[in-house]
Amino acid sequence: MSRRRTLGTKKKIALLVGAAAVAGGGAFFAANASNAAQTTQEARTKAAQDSGVCQGLATALGNNQRFIEGQRANPDAQSQARIENREAVVAEIERKQAASGCAVGESAQDSQTPQPPPAGQEAGQDTGDQAGDQAGGAGQAGEQVCAGSTVTLSGEGGAPAASSNQFPVGTKLRVTNLDNDKSTTVEVNSVSGSCALLNNAAFEQVREEGKFLIRRALIEKVG
């Protein structure tokens with residue numbers, strides 16, 4: 001005759017209640033962890049937006065996308081190389097958007113579209129009478145130009161330099177961040193969608209910590 005032990009009804013109920021409590025507690029902690037992660041991400045995104053990081057990255061992305069569109073619409077012998085370079089820059093900007101909690105792929109284009117160069121003329125070269133008066137004018141050496149323009153970065157590496165839709169390659173510009181009084185003098189080495197778009201090295205010389213946009217900039221043509 002077997003002596004199989006059986007659990008009473010009350011003990012069974014107690015075990016079931018205990019198991020439910022453990023499961024519920026695990027779900028509670030998992031939910032709390034998920035909510036905490038979401039809150040942290042939201043706080044990071046808000047901080048990035050408040051500091052202008054997201055806007056600066058969006059502007060940089062828009063400028064590079066516009067440049068690529070212009071090269072595809074009016075290609076020359078060097079367009080494919082320029083496009084590949086800027087596509088790499090776009091990928092880097094999108095990586096920074098993700099790391100900063102910004103909307104990846106969000107772009108803003110706050111400057112005029114650069115006009116395609118005349119046939120037979122390399123992008124970035126000037127015929128001598130091309131420097132006009134868009135967005136404050138090309139100006140004379142030592143004069144302020146592009147009044148009211150914001151300044152951001154292209155995401156490109158290399159020695160400090162700038163790109164522009166106003167000035168030919170070889171033009172020297174002094175960019176001053178009026179919020180911290182830091183300045184840098186750079187040479188334009190390519191075309192972009194802005195009056196002055198700084199590469200990474202140049203932007204580091206004038207930026208405020210954690211910001212990718214200079215809202216109050218003084219841009220001067222110095223040579």
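Annotations
- Each residue in the stretch 173-207 was checked for being assigned to a loop (DSSP other than H, G, I, E, B) and open to solvent by 30 Å² or more (accessible area, probe 1.4 Å), and 5 of them qualify.
- Which listed residue, of G148, G210, G170, G158, is assigned to a loop (DSSP other than H, G, I, E, B), without any contact (Cβ under 8 Å) to a residue 24 or more places away in the chain and either polar (S, T, N, Q) or open to solvent by less than 70 Å² (accessible area, probe 1.4 Å) (or both): G170
- The residue that is modelled with the lowest pLDDT, counting only those in the stretch 74-98 that are closer than 13 Å to L153 by Cα and of a type in the set (A, V, I, L, M, F, W, C), is V89.
- So E209, is it modelled with pLDDT of 90 or more, charged (D, E, K, R) and within 21 Å of A58 (Cβ to Cβ): no
- Test: residue in the stretch 35-44 that is modelled with pLDDT of 80 or more and open to solvent by less than 60 Å² (accessible area, probe 1.4 Å): no
- Verdict on Q71 being more than 15 Å from E156 (Cα to Cα), open to solvent by 20 Å² or more (accessible area, probe 1.4 Å), touching a helix residue (DSSP H, G or I) at 6+ places or on another chain (Cβ under 9 Å) and not hydrophobic (A, V, I, L, M, F, W, C): no
- Checklist (1) of a type outside the set (A, V, I, L, M, F, W, C); (2) touching a Pro at 6+ places or on another chain (Cβ under 8 Å); (3) touching a residue at least 40 places away in the same chain (Cβ under 8 Å) applied to T184, failing item: (3)
The values are calculated or read from the model by the stated rules, or taken from the named source; none is laboratory data. Everything numeric here is computed off the predicted structure, so don't read it as measured data. Note that we place each Cβ from the backbone using ideal geometry, even for glycine, and neighbour counts take in every protein chain shown. The protein model used for the area step is the full one, side chains on, heavy atoms only, and it has no ligands, DNA or RNA in it. Shrake-Rupley method; radii C 1.70, N 1.55, O 1.52, S 1.80 Å.
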